[in-house]
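Since the structure comes first, as structure tokens, the remarks are kept for the end.
The values are calculated or read from the model by the stated rules, or taken from the named source; none is laboratory data. Small disclaimer: the values here were computed from a predicted structure and weren't measured. Every residue, glycine as well, gets a Cβ built from its backbone with ideal geometry; the counts of neighbours run over all protein chains shown. Heavy atoms of the whole protein, side chains included, go into the accessibility calculation; ligands, DNA and RNA do not. Shrake-Rupley method; radii C 1.70, N 1.55, O 1.52, S 1.80 Å.
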Amino acid sequence: VLAASALESARLLMNSKSPRFPNGIGADSGVLGRYIMDTTGSSVHGQLPILEDLPPHNEDGLSSAHVYVPWWGLKDAKAGRLKFAKGYHLEIWGGRGEPGDGISGGVEAFAPSAWGKRLKREARRYYGTFVGLSQRGEALPYASNYCEIDPERRDRYGVPTLRFTYRWSDQELEQTRHAQGAMREFIE
């Protein structure tokens, strides 16, 4: 059993060349390293005015304001009403935890010239009003999406690394368009 993750397992097998396996162990069929499936993903961000000027309180105890919304379009997919075969889920995030990137928490988009007392006032007004949704979807397997041994690059141990050829098909593009529309509708 080789359990080094899908791509690292392929790399180990491809690099295991011998007189018996000139292309690597398991590579005789030409399938090793092919049909790579990645996750689709995109995001939408929004600001919810209803959350403005909420009284400050400590939410630092929350590790994440992350909510998972499972795929809801199975019936539409089975009925042929969608232009893609595989579904996706949404991850919703936001909240009033400790600020991460940017001290003002996104206020610069709403009050770009604010500074001093006005910046503090605007930061308190908008802090915690920003939400985001991220799509994570399933791609389809295609022989044209593959990895192979890179003829030039090596890891720190001198073992050849992988080189990838990967491209989204219309399936993944349509799935992402659908998700973008759903996420925008959700925020609106």
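Structure notes:
- Rounded, prolate or oblate (a/c below 1.5 giving rounded, otherwise prolate when a/b exceeds b/c) for the chain by Cα gyration tensor: prolate
- Heavy-atom accessible area order for V159, V67, largest first, 1.4 Å probe: V67, V159
- Within straight-line reach of K78, meaning a Cα separation under 19 Å, sit the following aspartates and glutamates at least 8 residues removed in sequence or on another chain: E138, D170, E172, E174.
- Net dipole in debye of the chain [+1 Lys, Arg Cβ; -1 Asp, Glu Cβ; about Cα centre; nearest 20]: 220 debye
- Expressed as a whole percent, the accessible area of the chain that falls on carbon and sulfur atoms is 55 (1.4 Å probe).
- Selected from G128, A182, Y157, residue furthest toward positive end of dipole (the chain; charges at beta carbon): Y157
- V1 paired with A85, simple spin-label distance in nm, labels 7 Å along Cα-to-beta-carbon: 2.9 nm
- Per-residue ellipticity at 222 nm, computed for the chain from helices alone with -39500 (n - 2.57) per DSSP H run of at least four residues, works out to -7000 deg cm²/dmol.
- Other residues with beta-carbon under 10 Å from the beta-carbon of Q175 carry, at +1 per Lys or Arg and -1 per Asp or Glu, a net charge of -1.
- Between R136 and W72, the simple label model (points 7 Å from Cα in the Cβ direction) yields a spacing of 1.9 nm.
- Contact order normalised by residue count of the chain, Cα under 8 Å, 6+ apart, percent: 30 percent
- Taken about its Cα centre, the range 124-188 carries a charge dipole of about 460 debye when Lys and Arg each add +1 at the Cβ and Asp and Glu each add -1 at the Cβ.
- The listed residues D155, D28, D38, once ranked by accessible area (1.4 Å probe) with the largest placed first, stand as D28, D38, D155.
- FRET efficiency estimate (nearest 0.05) - Cβ-Cβ, T39 to D150, R0 25 angstrom: 0.65
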